[in-house]
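Chemist: One structure, as structure tokens, below. Some questions next.
The values are calculated or read from the model by the stated rules, or taken from the named source; none is laboratory data. All values reported here derive from a predicted model rather than from experimental measurement. With ideal geometry, Cβ positions are generated from the backbone for all residues, glycine too; neighbour counts draw on all protein chains shown.
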Amino acid sequence: MNGPRFRGRLRRLRPRTRPRYKGPSFNRLIPNIMTMLGLCAGLTAIRFAFDAQWEKAAALIVVCAAIDALDGRLARLLKATSRFGAEFDSLSDFLCFGVAPALILFLWTLHDARGLGFTPCLLFAVCSALRLARFNAAIEDAPALPLAGPPPKPAYSQNFFTGVPAPAGAGLALFPLFAALLFEGWGWISLAGAVRHPAFSGLLLVVVGGLMVSTLPTWSFKNFKVPADYVLPLLLGIGAYVAMLLTEPWAALAAGGFIYGGMLPFSARSYRRLKREAEAMLEPAMVSSEEQG
């Protein structure tokens with residue numbers, strides 16, 4: 001008779017354990033939450049473009065680029081990388097940096113050219129999709145082990161993208177809008193009207209779309225090493241650019257697009273130089289192995 005009562009008292013005295021729920025921790029969801037915020041910002045930029053609020057639309061595309069630069073790094077830092085996160089990020093990038101800039105430029109100026117003005121927008125969005133698909137395919141084809149599958153990329157190519165990345169392509173495509181907002185703020189109406197001409201925006205969309213799907217090597221700046229003598233000038237330059245971004249944001253964004261576009265030939269030249277140096281280092285080893293054979 002005392003057995004059941006005794007066991008019931010033991011159950012009441014036993015400390016309660018917290019229930020365990022299956023699923024990822026909240027830290028692992030932070031990168032996906034940031035990607036979702038970037039997607040919402042891109043959609044809201046399209047909505048502002050329909051309302052002809054060009055400043056807000058352009059600013060939100062810049063916010064999307066900032067979020068895109070952070071979510072991947074947070075995923076690697078928190079060890080929260082996943083296949084779902086990579087696919088979600090690619091879909092968000094397609095809308096924010098492929099569809100949204102093209103649609104903003106169409107509503108801003110290219111609609112004046114009627115159906116012909118929609119062609120560059122369509123081409124730019126398609127090139128953005130192809131560029132992101134190629135990037136995802138390269139991730140899938142990368143071997144899990146160094147000795148399995150195709151050989152890994154050379155060390156000198158780790159600091160380069162193949163083609164212009166989607167966020168940079170969106171910034172280059174929106175250069176006419178940045179420049180027109182700058183000239184209008186300074187009272188240079190004639191220059192603003194010239195930059196707003198549909199021919200300029202359409203040609204730029206076609207050129208940038210081609211650069212995104214090209215094999216042009218572009219600096220990624222992920223593992224970019226700065227010589228010790230250039231650290232202080234670089235910090236001063238970044239500080240000056242941030243100050244300009246806060247005081248004259250359209251001038252800073254237009255200058256950033258102009259500078260990045262001017263850096264593309266130098267990045268290709270740097271890639272070719274590193275490739276020649278790597279091939280020159282391999283030639284003595286190949287000659288010695290042939291002599292031994």
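Chemist: Hey, among the residues in region 216-258 that are within 17 Å of the chain's Cα centre (by Cα) and part of a helix (DSSP H, G or I), which one's surrounded by the most Cβ atoms within 10 Å (Cβ to Cβ)?
Modeler: Leu253
Chemist: Shifting gears a bit: If you take the residues of region 22-36 that are exposed (fewer than 15 other Cβ atoms within 10 Å of the Cβ) and hydrophobic (A, V, I, L, M, F, W, C), which of them is modelled with the highest pLDDT?
Modeler: Ile33
Chemist: Residues to consider are Ala69, Ala59, Ala52, Ala41; find the one that is among the aliphatic types (A, V, I, L, M), out of contact with any Gly (no Cβ under 9 Å at 6 or more places or on another chain) and assigned to a loop (DSSP other than H, G, I, E, B).
Modeler: That would be Ala52, the only listed residue that is among the aliphatic types (A, V, I, L, M), out of contact with any Gly (no Cβ under 9 Å at 6 or more places or on another chain) and assigned to a loop (DSSP other than H, G, I, E, B).
One line per residue, one yes/no per condition, for (1) within 17 Å of the chain's Cα centre (by Cα); (2) surrounded by 18 or more Cβ atoms within 10 Å (Cβ to Cβ):
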site: Lys56; (1), (2): no, no
site: Leu60; (1), (2): yes, yes
site: Asp71; (1), (2): yes, yes
site: Thr81; (1), (2): yes, no
site: Phe84; (1), (2): no, no
site: Asp93; (1), (2): yes, yes
site: Cys96; (1), (2): yes, yes
site: Pro101; (1), (2): yes, yes
site: Ile104; (1), (2): no, yes
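Chemist: Quick one: what pairs do we get from region 184-203, first residue closer than 15 Å to Leu105 by Cβ and touching a residue at least 60 places away in the same chain (Cβ under 8 Å), second small (Gly, Ala, Ser) and in a helix (DSSP H, G or I), C-beta under 6 Å, 6+ apart or different chains?
Modeler: Hits for this filter: Arg196/Ala180; Pro198/Ala113; Pro198/Gly117.
Chemist: Taking Arg28 as meeting all but one of (1) over 23 Å from Ser214 (Cα atoms); (2) touching a Pro at 6+ places or on another chain (Cβ under 7 Å), write down the number of the exception.
Modeler: The single condition Arg28 does not satisfy is (2).
Chemist: Suppose the filter is of a type in the set (A, V, I, L, M), modelled with pLDDT of 90 or more, touching a Gly at 6+ places or on another chain (Cβ under 7 Å) and within 28 Å of Ser267 (Cβ to Cβ); does Leu182 pass it?
Modeler: Considered against the rule, which asks whether it is of a type in the set (A, V, I, L, M), modelled with pLDDT of 90 or more, touching a Gly at 6+ places or on another chain (Cβ under 7 Å) and within 28 Å of Ser267 (Cβ to Cβ), Leu182 comes out as no.
Chemist: Please go through (1) in a helix (DSSP H, G or I); (2) farther than 29 Å from Ser201 by Cβ; (3) in contact (Cβ under 8 Å) with a residue 12 or more places away in the chain for Ala80 and return the number of the only condition it doesn't satisfy.
Modeler: Result: Ala80 fails condition (1) only.
Chemist: Regarding region 143-165, can at least one residue be identified that is modelled with pLDDT of 90 or more and out of contact with any Pro (no Cβ under 6 Å at 6 or more places or on another chain)?
Modeler: yes
Chemist: Which of the residues belonging to region 78-113 are under 12 Å from Leu39 (Cα atoms) and charged (D, E, K, R)?
Modeler: Across region 78-113, the qualifying residues are Asp89, Asp93.
Chemist: Please enumerate the residues belonging to region 187-213 that are touching a helix residue (DSSP H, G or I) at 6+ places or on another chain (Cβ under 9 Å) and assigned to a loop (DSSP other than H, G, I, E, B).
Modeler: Passing the criteria: Trp188, Arg196, His197.
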